[in-house]
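One structure is given below, encoded as structure tokens.
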Amino acid sequence: MDTKIKILVVDDEKNICELIRLYLEKEGYEVLLAFDGDQALSIFKNEAPSLVLLDIMLPKKDGLAVCREIRQVSNIPVIMLTAKGETFDKVLGLELGADDYIVKPFENKELVARIKAVLRRYDSAPAPDMKEVVYPGLIVNQTNYEMKINGKQIDIPPKELEVLYFLCSNPNQVFTREQLLDKVWGFDYYGDTRTVDVHIKRLREKLGENPHWQLKTVWGVGYKFEVK
């Protein structure tokens, strides 16, 4: 690598942090370590890492709370670590805006591969052109991560906006939950697809009703952005 990519590793088990540091430094990354949620947020704000590897179970502030706070100010990649392997943790982590998850214990090759894949998607995602779709009473801008309804800017988490932008960019096309997970989260998801349902529910609450378009459920199949 010409310039070192900075990765923040957050885990209260120091031996795991040091092991991950060895793996990643061998791959040419610069590694920052944090052992609790407060320390993680402090380092994140001061060091501006390119990716955060974030354990769920942390002292002071858990990984889900840390992910939520990061997502309020940044869209950088976040990979959640969990020793539980529970669907609930995975779904909730994805709802909060995590890009991927990995269950401990893991092989170092798998960890490095996940990191490289997420960074590759993140680096290639935004095109130089403005990524914006416009409908009557609705503007969804994925370049600036902004949504306006009837001219009023609406607060919206990054992943919700990405789901809406994808559907709006493909009007009247039906997508299954699995397709949306693949297109928006960009990885094979082995678990509950409820996270898509939760995102759609929250989007509907924000969007309200409009005579020209509707976020519609196609029963037994999936969802579509219907333009009338």
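The values are calculated or read from the model by the stated rules, or taken from the named source; none is laboratory data. Values in this document were obtained by computation on a predicted structure and should not be read as measured data. So basically every Cβ, Gly included, is an ideal-geometry build from the backbone, and we count neighbours across all protein chains shown. Side chains included, ligands, DNA and RNA excluded: accessible areas come from the protein's heavy atoms. Shrake-Rupley method; radii C 1.70, N 1.55, O 1.52, S 1.80 Å.
Table for the structure above
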quantity: Extreme residue, nearest to Lys206 (Cα to Cα), among residues of the stretch 107-140 that are at pLDDT below 85 and hydrophobic (A, V, I, L, M, F, W, C); calculated: Met130
quantity: Those helices (runs of 4 or more DSSP H) lying entirely in the stretch 1-80 with at least 3 residues over 22 Å from Tyr122 (Cα atoms) and open to solvent by 10 Å² or more (accessible area, probe 1.4 Å); calculated: 14-26, 37-47
quantity: Count of the stretch 40-84 residues which are farther than 28 Å from Glu107 by Cβ and β-branched (Val, Ile, Thr); calculated: 1
quantity: Some residue of the stretch 198-220 being aliphatic (A, V, I, L, M) and not in a helix (DSSP H, G or I); calculated: yes
quantity: Filtered residue count, the stretch 126-180, keeping only those that are open to solvent by 70 Å² or more (accessible area, probe 1.4 Å) and among the polar types (S, T, N, Q); calculated: 6
